[in-house]
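Student: Input: one structure, supplied below.
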Amino acid sequence: QVKLVQSGGGLVQPGESLTLSCAPSGNVLNFYRTEWYRQAPGKQRELVATIESSGATTYIDAVKGRFTASRGSAKNTVLLQMNSLKSEGTAVYYCKYFDARGYYWGQGTQVTVAT
């Protein structure tokens with residue numbers, strides 16, 4: 001059984017940084033794509049960033065230049081470095097991990113950006 005464990009959320013002030021981690025466990029195959037989503041209160045879940053196994057990344061305009069998706073040092077771990085956070089970045093962040101058999105969701109981690 002595959003489980004995705006997310007960590008790294010928290011409360012920060014505007015302009016500060018956080019790094020989220022998405023680590024699979026169990027009988028998981030090497031990922032070929034991971035997507036990062038966020039869901040703000042009262043809003044739909046939105047795709048924020050993607051990273052392919054090749055390292056290629058994409059970002060929505062709202063986070064371009066401030067967020068960076070990358071591979072972690074542990075096998076199949078994926079990171080989302082978030083710099084210059086804004087109050088509109090307050091949301092629950094989710095990772096969605098794709099391997100050859102399907103996809104898996106992380107449990108979500110709360111990010112709150114407030115003074």
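The values are calculated or read from the model by the stated rules, or taken from the named source; none is laboratory data. Worth saying up front: this structure is predicted, and the values here are computed from it rather than measured. Methodologically, a virtual Cβ is constructed for each residue, glycine included, from the backbone with ideal geometry; neighbour enumeration extends over all protein chains shown. Just the protein is used for accessible areas: all its heavy atoms, side chains included, with ligands, DNA and RNA removed. Shrake-Rupley method; radii C 1.70, N 1.55, O 1.52, S 1.80 Å.
Student: Could you tell me whether residue 7 is more than 18 Å from residue 94 (Cβ to Cβ) and either crowded, with 18+ Cβ neighbours inside 10 Å or not charged (D, E, K, R) (or both)?
Tutor: When the stated conditions are applied, residue 7 does not pass them.
Student: Name every residue in the stretch 63-97 that is open to solvent by 30 Å² or more (accessible area, probe 1.4 Å), within 13 Å of the chain's Cα centre (by Cα) and of a type in the set (A, V, I, L, M, F, W, C), in order of residue number.
Tutor: Residues satisfying the conditions are 79, 92.
Student: Here's something else I'd like to know. Which residues, counting only those in the stretch 42-62, are hydrophobic (A, V, I, L, M, F, W, C), surrounded by fewer than 16 Cβ atoms within 10 Å (Cβ to Cβ) and under 19 Å from residue 87 (Cβ atoms)?
Tutor: Passing the criteria: 60, 62.
Student: Among the residues of the stretch 101-112, is there at least one that is aromatic (Phe, Trp, Tyr), in contact (Cβ under 8 Å) with a residue 40 or more places away in the chain, at negative phi and outside any loop (DSSP other than H, G, I, E, B)?
Tutor: Yes, the stretch 101-112 contains a residue that is aromatic (Phe, Trp, Tyr), in contact (Cβ under 8 Å) with a residue 40 or more places away in the chain, at negative phi and outside any loop (DSSP other than H, G, I, E, B).
Student: Of the residues that sit in the stretch 18-41 and are modelled with pLDDT of 95 or more and farther than 18 Å from residue 71 by Cα, which one is most open to solvent (accessible area, probe 1.4 Å)?
Tutor: It comes out as 39.
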